[in-house]
Amino acid sequence: MERNFNKNELYPDCPIRNILNRISDKWTLLVLYTLNGHDSMRFRDLSAELPDISQKMLVLTLRTLQADGFVRRTVYAEVPPRVEYTLTDRAHSLFPIVNQLIQWAKEHMDEILLDRTKAMSEG
């Protein structure tokens, strides 16, 4: 399974389509948020904090985040080899926005869930 690194074919220069498409997938923000709570994390520790993500998807998400400059992967020449993941400055610059989104979601979640329930009962 490989992620598409191509720009949006219809709108190749649209930053909203290209960047939001990348960071709004199912796992990206969860991985970034989990890494944000630590100076660095090993793969197994990250996997333990996100038990519902498969190893394959976690590897793919980390590779994508690394390719986009959000995550730094450091390999230590030890036996056994040690690999740690840390957030880059680019990822840290995203967190004020992410935190605002989380706060907004907390403030509106109950009313959104209520509206969903109403819409389902009407439909």
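The values are calculated or read from the model by the stated rules, or taken from the named source; none is laboratory data. These numbers come from a predicted model, not from an experiment. Because the Cβ atoms are built from the backbone with ideal geometry, glycine has one as well, and the counts that use them run over all protein chains shown. Side chains are part of the model used for accessible areas, which takes the heavy atoms of the whole protein and leaves out ligands, DNA and RNA. Shrake-Rupley method; radii C 1.70, N 1.55, O 1.52, S 1.80 Å.
Worth pointing out:
- The dipole here belongs to the chain: it is taken about the Cα centre, uses +1 on the Cβ of Lys and Arg and -1 on the Cβ of Asp and Glu, and is about 400 debye.
- Given charges at beta-carbon only (K, R positive; D, E negative), |dipole| of the range 55-123 in Debye: 400 debye
- Selection among 34, 70, 95 by position relative to the dipole of the chain gives 70 as farthest towards the positive end (Cβ unit charges, Cα centre).
- Based on DSSP H segments of at least four residues, each scored -39500 (n - 2.57), the chain has a per-residue ellipticity at 222 nm of -19000 deg cm²/dmol.
- Rotationally averaged projected area of the chain (alpha carbon convex hull; nm²): 10.6 nm²
- Per residue solvent-accessible surface (Å²) - the chain, probe of 1.4 Å: 74 Å²
- Entry for the range 73-123 at q = 0.18, 0.23 Å⁻¹: log10 I(q)/I(0) = -0.73, -0.86, Debye formula applied to identical alpha-carbon scatterers, no solvent contribution.
- Surface composition of the range 48-123: carbon plus sulfur atoms contribute 56% of the solvent-accessible area (1.4 Å probe, protein chains only, all chains present).
- Applying a DSSP loop filter and a limit of 12 other Cβ atoms within 10 Å to the GluC sites (Glu not before Pro) in the range 25-113 leaves 78.
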